[in-house]
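Engineer: My structure is below; once you've seen it, I'll send some questions.
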Amino acid sequence: MLKNRIIPCLDIKDGRTVKGVNFVDIKDAGDAVELAEKYMEQGADELVFLDITASSEKRKTRVELVKRIAARISIPFTVGGGIASIQDVSDLVFAGADKISVNTSAVLRPELISEIAREFGSQCVVLAVDTKYVSGSWQVYIHGGKTPVPLKTIDWVRQAESMGAGEILLTSMDHDGIKNGFALDITGRVSEKVNIPVIASGGAGTMKHFRDLFTRTQATAGLAASIFHYGKISIPELKHYLKTNNIQVR
Amino acid sequence: MIAIIKYNAGNVRSVQNALNRLGYESIVTDREPLLRNAQKVIMPGVGEAASAMKYLKNRGLDVVIKSLKQPFLGICLGLQIMCRSTEEGNTLCLNIFDARVKRFPPQGRIPHMGWNDFESISGPLFEGIDIRDNVYYVHSFYAEPCRQTSAVCRYIVPFSAAMQKDNFFATQFHPEKSGSTGEIILNNFLRL
């Protein structure tokens with residue numbers, strides 16, 4: 001049976017892993033390659049690297065980091081952050097990234113999704129959506145959560161699926177870093193409306209939050225950062241807990 | 001030396017990295033003499049079947065591949081283009097395995113993405129592997145089980161997780177992305 005996936009997320013700044021709360025107040029959480037290796041050994045099902053300063057820094061640094069990670073990691077990994085062109089994607093895929101996550105650039109120019117899908121396959125395109133509940137509906141935000149756009153989350157994920165996105169990485173900005181649980185309502189609705197896998201992100205604080213995610217929504221993966229980085233929950237104990245609750249994990 | 005077939009399909013580097021970690025040197029090439037002289041040949045692949053087949057045919061590699069005598073491993077799209085045909089772009093393939101490749105019916109999320117176990121396993125690739133072990137898949141098309149199927153996985157339908165005919169091996173999953181289980185399977189192939 002296909003297993004639910006547990007995905008640690010490494011937010012990268014200057015080659016270091018960092019973690020913020022509600023997208024601000026950023027703290028250092030360790031060396032990216034070391035953390036990646038540790039998580040892989042602990043049973044992480046995939047890894048996601050989000051370069052949160054990508055737009056303002058030299059891209060070569062990131063390609064070098066991806067090469068170092070790829071040389072050491074034998075599980076799939078996704079790279080995102082400031083990816084705006086087929087050239088960016090190509091550099092990262094050939095450096096060893098398995099999937100590319102796009103966010104702001106796809107909102108500004110949705111054709112990017114179909115271009116990447118055509119060139120590298122849908123399985124390579126992860127659409128990352130940052131969403132926030134504003135006056136009665138879930139709205140899409142870009143530029144690392146700084147800029148609202150007049151786009152409803154449900155409409156955007158459906159459009160992205162039709163353009164060839166292979167997976168949705170849905171982050172609730174309201175829940176990110178708060179540790180009160182995943183945004184079950186919007187995650188549930190998104191996972192019902194699309195037929196591609198949905199990764200839920202933002203809000204994981206306890207093992208029960210993952211159980212709720214997998215029992216109350218159709219998301220097939222849960223992503224978290226700080227609870228893993230700061231050792232609040234270890235991946236082996238999380239997986240053991242989920243198994244004893246009859247949730248299929250590796 | 002292990003030869004990795006160079007064609008217009010993405011993740012050649014992951015396979016090369018995996019071989020490095022296992023202590024094997026490899027080259028990425030589409031040149032016939034290098035392929036013929038390699039101890040093992042690996043055809044990795046993510047991408048689209050029709051353009052992959054076109055690339056191989058344009059370089060005469062379709063004929064070369066079928067005539068190779070050393071252990072050969074196709075991965076993911078590599079497995080699919082070793083079959084008779086695929087619904088992806090209605091493409092005639094290498095016809096090494098007597099199976100058709102079809103698109104998953106829409107009764108589940110597509111692509112089949114993530115870790116899955118086996119319904120059955122057999123043959124040298126799976127020595128030391130348990131059917132409850134998980135390997136990593138990402139694909140929207142699958143090869144129907146046929147007489148050359150050596151492992152079966154179920155997602156929506158049962159499909160060929162691995163196939164073998166003579167020196168030709170193939171896996172629908174990505175051993176190079178399947179952690180320690182994948183390393184055992186790759187090592188089993190490399191020791192053939």
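The values are calculated or read from the model by the stated rules, or taken from the named source; none is laboratory data. Treat the numbers as computed from the prediction; the structure is a model and nothing was measured. Note: ideal-geometry Cβ built from the backbone for every residue, glycine included; neighbour counts use all protein chains shown. Accessible surface is based on the protein model in full, side chains and every heavy atom, while ligands, DNA and RNA are left aside. Shrake-Rupley method; radii C 1.70, N 1.55, O 1.52, S 1.80 Å.
Engineer: Hey, can you tell me all the residues within the range A:193-233 that are away from every other protein chain (no Cβ under 14 Å), out of contact with any Gly (no Cβ under 9 Å at 6 or more places or on another chain) and either closer than 29 Å to A:E161 by Cβ or modelled with pLDDT of 95 or more (or both)?
Structural biologist: Of everything in the range A:193-233, those that are away from every other protein chain (no Cβ under 14 Å), out of contact with any Gly (no Cβ under 9 Å at 6 or more places or on another chain) and either closer than 29 Å to A:E161 by Cβ or modelled with pLDDT of 95 or more (or both) turn out to be A:M207, A:R211, A:T215, A:F228.
Engineer: Another question, then. List the pairs whose first member sits in the range A:71-86 and is away from chain B (no Cβ under 11 Å) and farther than 30 Å from B:L186 by Cα, whose second member is open to solvent by 30 Å² or more (accessible area, probe 1.4 Å) and in a strand (DSSP E or B), and whose Cβ atoms are under 8 Å apart, counting only residues at least 6 apart or on separate chains?
Structural biologist: Every condition considered, the pairs that remain are A:G81/A:L50.
Engineer: Of all residues in the range B:81-129, which are in contact with a His (Cβ under 8 Å, 6 or more places away or on another chain) and over 12 Å from B:F173 (Cβ atoms)?
Structural biologist: Result: B:F104, B:P111.
Engineer: Name the strands (runs of 3 or more DSSP E) wholly within the range B:1-118 that hold at least 1 residues that are surrounded by fewer than 24 Cβ atoms within 10 Å (Cβ to Cβ), touching a Lys or Arg at 6+ places or on another chain (Cβ under 8 Å) and facing chain A (nearest Cβ under 10 Å)?
Structural biologist: Correct list: B:112-116.
Engineer: Out of the residues in the range A:126-151 meeting the condition of being open to solvent by less than 50 Å² (accessible area, probe 1.4 Å) and not in a strand (DSSP E or B), tell me which one is modelled with the highest pLDDT.
Structural biologist: A:G145
Engineer: Suppose we keep only residues that are out of contact with any strand residue (DSSP E or B) (no Cβ under 6 Å at 6 or more places or on another chain) and part of a helix (DSSP H, G or I) within the range A:215-234. Which one would you say is surrounded by the most Cβ atoms within 10 Å (Cβ to Cβ)?
Structural biologist: Per the stated criteria, the residue is A:I227.
Engineer: If A:I154 satisfies all but one of (1) modelled with pLDDT of 95 or more; (2) outside any helix (DSSP H, G or I); (3) crowded, with 17+ Cβ neighbours inside 10 Å, what's the number of the condition it fails?
Structural biologist: Of the numbered conditions (1) modelled with pLDDT of 95 or more; (2) outside any helix (DSSP H, G or I); (3) crowded, with 17+ Cβ neighbours inside 10 Å, the odd one out for A:I154 is (2).
Engineer: Just to be sure I understand, how many residues within the range B:142-167 are among the hydroxyl-bearing types (S, T, Y) and touching a Gly at 6+ places or on another chain (Cβ under 9 Å)?
Structural biologist: Residues in the range B:142-167 being among the hydroxyl-bearing types (S, T, Y) and touching a Gly at 6+ places or on another chain (Cβ under 9 Å): 2 in total.
Engineer: Can you name the residue in the range A:109-165 that is within 13 Å of chain B (Cβ to nearest Cβ) and of a type in the set (D, E, K, R) and, of all such residues, is farthest from B:C76 (Cα to Cα)?
Structural biologist: A:E161
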